[in-house]
Amino acid sequence: MKIGEVSKLTGLSVKSIRYYHDIGLVTALRGENGYREYEQPQLDSLKFINHCRELGFSLEDCRSLLQLKQNNLRDAEDVKSLAKAHLKQVSGRIIKLQTLEAQLTNLVKSCHGGQQPDCAILKGLS
C-alpha cells in the first residue's frame, strides 16, 4: 500500500505518517521505486497510534504502548500504569481549565458592555 492510501485508511496526514516513520514508530519497506510500501501490520500500528494521539498520549507514550501491544509477554499492569499516569495529567488539565472557565465567566459577567470605554474585563486583566 502506498502512503496516500494509508493516509485515507488511517485518517493521518501523509506528513504525519512520514514523521512517524522517520522517528521509528513504524517502519515500511521501500520499493524499487524508492516509495514506502505499507502492509497491514503497519496500517494497524498507524491506526493504533492515531487513536492514542486522539486520547492525548504523547509520542513517547504511543511508542511505549505500541511496544507493549506488540509484546505478547507484556504485563497488563505496565499498560495500566501508563494509562493511569496519563489520566492523572488529563485530570490536572481539566481542573486548570475549570479554574480558567470560572475566571473568564467572572470577567465577562463584570463587564457591562455597551458603547462606553470602561471595561471591567480589561481592568480585571490588568
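The numbers here are math on the coordinates, done by the rules we state, and not lab data. If you're wondering where the values come from, they're calculated on a predicted model, not measured in any experiment. Note that we place each Cβ from the backbone using ideal geometry, even for glycine, and neighbour counts take in every protein chain shown.
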query = Over what distance in Å are the Cα centres of region 105-119 and region 10-75 separated?
reply = 49 Å
key: Qualifying chymotrypsin sites (Phe, Trp or Tyr not before Pro) for region 1-87 [loop in DSSP, other Cβ within 10 Å: at most 15]   = 35
ask   = Setting aside same-chain residues fewer than 8 positions from residue 80, which aspartates and glutamates have a Cα under 14 Å from its Cα?
value = 61
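Counting only C-alpha contacts under 8 Å and six or more residues apart, can you give the relative contact order of region 3-74 as a whole percent?
Answer for region 3-74 is 25 percent.
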Of (i) 11, 28, 20, 15, 14, 9, 2, 0; (ii) 13, 42, 35, 9, 1; (iii) 13, 41, 25, 10, 8, 4, 1, 0, the label for P(r) over Cα pairs in 10 Å bins from 0, in percent derived from the coordinates = (i)
